[in-house]
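*Asks:* Provided herewith is a single structure, encoded as structure tokens, for subsequent inquiry.
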Amino acid sequence: MTYRVDPAGVKSVLTDVAMKSQPVMDALGKIDGAVQTVATGAQSELINGALSRFFDAMSADVTTITRHVPAAIDGAVAATNAVVAGDEEIAATMETNAGVAATNGDLSILGVQQ
């Protein structure tokens, strides 16, 4: 299969995705501190227990989001770079690696400088 990409178009889309996802990523990064503040302020074992159970239940979803967004962006960058370099096999590998990075959170497999 031969890929045809417009690197400038890819960059534009990925920049837009990164900008629009950043507030969500920032908010997800602040959850733990916010929960601790609420729990301290509530001074209630009932509320603390409910918050704990709720965020334990949501933890996997938060991890999924915080891993998938950067893996998708970096994977698209790596695959695009490979296509531009004329290496469609590496592009396909980077697509696969993006899925691996989304699962384990290790973006280094994509070879994109952070």
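*Asks:* Which one of Met25, Val38, Leu110 has its Cα pushed farthest toward the positive end of the charge dipole of the chain, where Lys and Arg give +1 and Asp and Glu give -1 at the Cβ?
*Replies:* Toward the positive end, the furthest listed residue is Val38.
*Asks:* Where only protein heavy atoms count, and the probe is 1.4 Å, what is the accessible area per residue for segment 56-114 in Å²?
*Replies:* Averaged over the residues of segment 56-114, the accessible area is 57 Å².
*Asks:* Keeping the other protein chains in place, figure out the carbon and sulfur percent of the accessible area of the chain, with a 1.4 Å probe.
*Replies:* Answer for the chain is 60 percent, counting heavy atoms of protein chains only.
*Asks:* Here are some values of Cα extents along the principal axes in Å: (i) 51, 43, 28; (ii) 62, 31, 27; (iii) 61, 24, 21. Which one was computed from this structure?
*Replies:* Checked against the structure: label (iii).
*Asks:* When N is the residue count of segment 1-51, what does its C-alpha Rg come to as a fraction of 2.2 N^0.38 Å?
*Replies:* 2.07
*Asks:* Helix 31-42 versus the longest principal axis of the chain: what angle, 0 to 90°, nearest 10, using Cα atoms?
*Replies:* Between helix and principal axis, roughly 10 degrees.
*Asks:* Along the Cα-to-Cβ line of Asp6, 7 Å from the Cα, sits a label point; which residues in segment 76-114 have backbone N less than 20 Å from it?
*Replies:* 76-86
*Asks:* Once you charge only the Cβ atoms, +1 for Lys and Arg and -1 for Asp and Glu, what is the size of the charge dipole of the chain about its Cα centre, to the nearest 20 debye?
*Replies:* Here the size comes out at about 260 debye.
*Asks:* Return one number: the angle in degrees, 0 to 90 and rounded to the nearest 10, between the long axis of the Cα atoms of helix 45-84 and the longest principal axis of the Cα atoms of the chain.
*Replies:* That helix lies at roughly 10 degrees to the long axis.
The values are calculated or read from the model by the stated rules, or taken from the named source; none is laboratory data. From a predicted model like this one, the values you see are computed outputs, not experimental measurements. As a convention, Cβ positions derive from the backbone with ideal geometry for all residues, glycine included, and neighbour counts pool all protein chains shown. Note: accessible area is taken over every heavy atom of the protein model, side chains too, but ligands, DNA and RNA are not part of it. Shrake-Rupley method; radii C 1.70, N 1.55, O 1.52, S 1.80 Å.
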